[in-house]
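Student: Handing you this structure, nothing more for now.
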């Protein structure tokens with residue numbers, strides 16, 4: 001799960017989160033309603049294969065331009081529930 005926290009701002013129109021490894025790519029994007037948008041957004045990437053992922057979160061403005069960007073590396077050891 002990725003938790004993206006933003007400051008309230010009338011320019012905020014979208015948030016995109018990407019999880020990418022050598023063999024796998026997943027992305028999720030949500031629309032934001034400017035300064036009325038929630039300050040915390042949760043993104044859940046289910047069933048990611050084990051590996052090292054580059055995770056990026058990009059805050060987007062009204063015309064799609066980048067307002068903010070954050071990058072981190074995450075190691076997924078396992079995912080899902082064993083049955």
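Taken together, the values in this text are just the output of simple stated rules run on the coordinates, not laboratory data. Please read all numbers here as calculations on a predicted model, not as lab measurements.
Student: So what's the projected area for the chain, the Cα convex hull averaged over all directions, in nm²?
Tutor: 5.8
Student: Now, a different point. For the range 2-76, calculate the relative contact order in percent as a whole number, restricting contacts to Cα pairs under 8 Å that are 6 or more residues apart.
Tutor: Relative contact order here is 36 percent.
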